[in-house]
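S.K.: The structure's right below; bear with me while I get my questions together.
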Amino acid sequence: MTRLFLPADAFALALGAEAVAAALQAALPGLELVRTGSRGMAWLEPMLEVATPDGRVAYGPVRAADIPALVAAGLAQGGAHPLRLGAPEALPWLARQTRLTFTRCGVVDPASLPDYAAHGGLAGLRAALALPPAEIIEAVTASGLRGRGGAGFPTGIKWRTVAAETAPRKFIVANADEGDSGTFADRMLMEGDPFSLIEGMAIAGLAVGAAHGYVYIRSEYPHAIARMRAAVLAARAGGLLGPDLLGSGRGFDLEIRVGAGAYVCGEETALLESIEGTRGQVRAKPPLPAIKGLFGCPTVVNNVITLASVPFILANGAAAYAAHGFGRSRGTMAVQLAGNVKHGGLVEVPFGVTLGELVLEYGGGTASGRPVKAVQVGGPLGAYFPPALFDTPFDYEAFAARDGLIGHAGIVVFDDTADMLAQARFAFAFCAEESCGKCTPCRIGSTRGVEVMDRIAAGDNVAANTALIHDLCETLKFGSLCALGGFTPYPVLSALQHFPQDFPQETQP
Amino acid sequence: MLAAEQLRVVEAAIAAHRGTEGAALPILHHIQSALGFVPQAVLPVVAEALNRSRAELHGVASFYHDFRDAPAGRHLVQLCQAEACQAMGVRQVTRESEQRLGLALGETSPDGALTLEAVYCLGLCACAPAALVDGAPLGRVDAAALAAAVGR
């Protein structure tokens, strides 16, 4: 029987995968169609794969209207056709990557726990069940894994802090409130390999002594929510969750919580407030969530990719993970290429690759074919870098040294039609729209920033108003409770610094 | 005043989350998914069930962009306005869509047929500009594609 693989990832759905599926069912009655996640080559979606005796053969981008011709060309046997790409894993874009965390994404059936186990899943949890908690934490610490949500805090140290607390209840919280524009790694992973996140959370639970977890997913990700809910049920049925993990007699369970359209809930303390059922307002730290987190209990809050990287580390050893990387940034990073980019998608590579390699070699430059003017790295709170900084290695410290941040590793590419004053203004406007209102610099400063930027755009007292922007950014940076207000200066100041030609200069009266 | 059907929905939502810690958002989502919005009049009922004040529940419902206090149009177009979509011309697409659909971002047409609203990131940033139309994702959209998706 013909076995075909077609992503049900949101990229593929947004580009017509459901119509392709319907055309396939009509043209090849009785075929087995596995709905996978995406391998991350968005420009080739929907990418259809067929199992042949020599391995999988890919075709893409496939439209519903292409199906009759593809079937006539011998799709079921991997026959020749202009859309035929050959073996997907041999495509240069994928072959150059180092897929540790995303190794199964786009390959396996995300609804099937047996398929997950057949592709290396559950080995990390099995290893963890054989270790005392301190050794699990030691492995994570030795791997050098740092938080992939943006802050880059060492995961092992966070876990050790929670493990050291004595409390009747502790929690594991997966932050799946991936609100940064230009990022979709969490979404892809949840849609394409949801059990790896669940396995990572179960390992975290064993390590710190937590029996319950939450995955907080933003409401803008309806397909990821549905996938994760189904995966939780399958995991309970298969012993990956519940009172008896893989027959060990030890338990861990989790529930899915859905956000409600508040960007600030990606901040860990606002996220905890939201799970508790209150306004998603940021808490002052200390106390750290590791000491006093969800419902007042010690809580591990980790990003989806952080947790999903843990099974590899436990299964293959800390050294196998730490062998990759650059400086203090160990392992791989799931970089996301987005915006005006020719070859957008997910690039998992060791830290240390340069920004230019990512944008120009993987990305292939802009989609519009015009020159790259700027890239924003790290979401709406990340700096705009010009091509002159393309030699910057992808590394937490190297970006910080150039007044930028890698954040959750989204890279949004802009061509030379971008207006950087408009982008700087947007940074303030977004902060104003999404501010939780708790601290004054963010709540009021963001609105004042929009107003001052409008005065600069109008050519009104440019020098004085530009000085005021610098002053305001100083206040935001040092006076805000969280990264929303604290990092809004990054896009604003980097636009001013690197693209002065987009800002009016002082004119003599 | 709550209609009888609305009250049934609210009671079902509360019952469904009786064992849930921090149940406010799950209950409000449940209500919105059944009724299409969260009527102001449900908040005292939910507040009482959760042993919290009306003011607190009002604070929660009004904090989150998702919860509507009036129904959306029969078709809902959510057009991403964030940076990756900006880089692919969503500002222009928004202007053209507003013109073509005859309503501004954030508005519902007077006949209740259509709501057009902003959303900030759908995770479709490598096929921008992106939109959700009645919950279905659309990539590389323009005004014509959006209009076609809602039968205009």
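S.K.: So A:Leu421 clears everything in (1) away from every other protein chain (no Cβ under 14 Å); (2) touching a residue at least 12 places away in the same chain (Cβ under 8 Å) except one condition, right? Which one?
M.R.: Of the numbered conditions (1) away from every other protein chain (no Cβ under 14 Å); (2) touching a residue at least 12 places away in the same chain (Cβ under 8 Å), the odd one out for A:Leu421 is (1).
S.K.: Return yes or no: is A:Ala262 on the phi < 0 side of the Ramachandran plot and within 8 Å of another protein chain (Cβ to nearest Cβ)?
M.R.: Taking the combined requirement at face value, the residue satisfies it.
S.K.: Here is a follow-up. Going by what's in this entry, would A:Gly356 be described as within 14 Å of chain B (Cβ to nearest Cβ) and modelled with pLDDT of 95 or more?
M.R.: In short, no.
S.K.: Scan the range A:311-326 and give yes if some residue there is within 14 Å of chain B (Cβ to nearest Cβ), at positive phi and of a type in the set (Gly, Ala, Ser), otherwise no.
M.R.: no
S.K.: Looking at the range A:1-29, which of the residues that are touching a residue at least 40 places away in the same chain (Cβ under 8 Å) and of a type in the set (D, E, K, R) is farthest from B:Ala128 (Cα to Cα)?
M.R.: A:Arg3
S.K.: Would you be able to tell me the number of residues in the range B:129-145 that are touching an Asp or Glu at 6+ places or on another chain (Cβ under 9 Å) and either within 13 Å of chain A (Cβ to nearest Cβ) or among the polar types (S, T, N, Q) (or both)?
M.R.: Looking only at that region, the number is 4.
Let's see how each residue does on (1) touching a helix residue (DSSP H, G or I) at 6+ places or on another chain (Cβ under 6 Å); (2) more than 9 Å from chain B (Cβ to nearest Cβ); (3) farther than 20 Å from A:Ile136 by Cα; (4) of a type outside the set (A, V, I, L, M):
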residue	(1), (2), (3), (4)
A:Ala211	no, yes, no, no
A:Glu220	no, no, yes, yes
A:Ala231	yes, yes, yes, no
A:Phe252	yes, yes, no, yes
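S.K.: Here's a follow-up. Is it the case, given these coordinates, that A:Phe184 is away from every other protein chain (no Cβ under 14 Å) and either surrounded by 24 or more Cβ atoms within 10 Å (Cβ to Cβ) or within 23 Å of B:Ala84 (Cα to Cα) (or both)? Give the steps one after another, and end with the answer.
M.R.: Values: away from every other protein chain (no Cβ under 14 Å): no; either surrounded by 24 or more Cβ atoms within 10 Å (Cβ to Cβ) or within 23 Å of B:Ala84 (Cα to Cα) (or both): yes.
It is false that A:Phe184 is away from every other protein chain (no Cβ under 14 Å) and either surrounded by 24 or more Cβ atoms within 10 Å (Cβ to Cβ) or within 23 Å of B:Ala84 (Cα to Cα) (or both).
S.K.: Checking the structure you have, find out if any residue of the range A:125-141 is surrounded by 16 or more Cβ atoms within 10 Å (Cβ to Cβ) and over 30 Å from A:Glu268 (Cα atoms).
M.R.: no
S.K.: While we're here: Only one residue in A:Ala458, A:Ala424, A:Ala464 is outside the structural domain of A:Gly182 (by TED's automatic domain parsing) and buried (at least 18 other Cβ atoms within 10 Å of the Cβ). Which one?
M.R.: Details: A:Ala458 fails: buried (at least 18 other Cβ atoms within 10 Å of the Cβ); A:Ala464 fails: buried (at least 18 other Cβ atoms within 10 Å of the Cβ).
Only one candidate passes the filter, namely A:Ala424.
S.K.: I would also like to ask the following. Mind listing whichever residues of the range B:66-98 are within 10 Å of another protein chain (Cβ to nearest Cβ) and crowded, with 18+ Cβ neighbours inside 10 Å?
M.R.: Scanning the range B:66-98 gives B:Asp66, B:Phe67, B:Gln78, B:Cys80, B:Gln81, B:Ala82, B:Glu83, B:Ala84, B:Cys85, B:Gln86, B:Ala87, B:Met88.
S.K.: If I ask for residues that are touching a residue at least 60 places away in the same chain (Cβ under 8 Å) and among the acidic types (Asp, Glu), which ones from the range A:254-306 would you list?
M.R.: Of everything in the range A:254-306, those that are touching a residue at least 60 places away in the same chain (Cβ under 8 Å) and among the acidic types (Asp, Glu) turn out to be A:Glu267, A:Glu268.
S.K.: Please work out if A:Thr440 is surrounded by fewer than 22 Cβ atoms within 10 Å (Cβ to Cβ), among the β-branched types (Val, Ile, Thr) and within 14 Å of chain B (Cβ to nearest Cβ). Full working, then the answer.
M.R.: Values: surrounded by fewer than 22 Cβ atoms within 10 Å (Cβ to Cβ): yes; among the β-branched types (Val, Ile, Thr): yes; within 14 Å of chain B (Cβ to nearest Cβ): no.
No; evaluated as a whole, the condition is false for this residue.
S.K.: Take the residues in the range B:19-36 that are within 14 Å of another protein chain (Cβ to nearest Cβ) and outside any helix (DSSP H, G or I); name whichever of them is surrounded by the fewest Cβ atoms within 10 Å (Cβ to Cβ).
M.R.: B:Gly19
S.K.: Would you check if A:Val335 is touching a helix residue (DSSP H, G or I) at 6+ places or on another chain (Cβ under 8 Å), in the same structural domain as A:Val372 (by TED's automatic domain parsing) and either assigned to a strand (DSSP E or B) or buried (at least 24 other Cβ atoms within 10 Å of the Cβ) (or both)?
M.R.: It is true that A:Val335 is touching a helix residue (DSSP H, G or I) at 6+ places or on another chain (Cβ under 8 Å), in the same structural domain as A:Val372 (by TED's automatic domain parsing) and either assigned to a strand (DSSP E or B) or buried (at least 24 other Cβ atoms within 10 Å of the Cβ) (or both).
S.K.: Is at least one residue of the range B:42-63 closer than 30 Å to A:Gly339 by Cβ, modelled with pLDDT of 95 or more and buried (at least 17 other Cβ atoms within 10 Å of the Cβ)?
M.R.: Yes, that holds for at least one residue.
Here is a yes/no grid of residues against (1) within 23 Å of the chain's Cα centre (by Cα); (2) under 25 Å from A:Gly407 (Cα atoms); (3) not aliphatic (A, V, I, L, M):
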site	(1), (2), (3)
A:His119	yes, no, yes
A:Leu131	no, no, no
A:Ile137	no, yes, no
A:Gly149	yes, yes, yes
A:Asn175	yes, yes, yes
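The values are calculated or read from the model by the stated rules, or taken from the named source; none is laboratory data. Not measured: the values here are computed from a predicted model. Don't worry about glycine lacking a Cβ; one is built from the backbone with ideal geometry, like all the others, and counts go over all protein chains shown.
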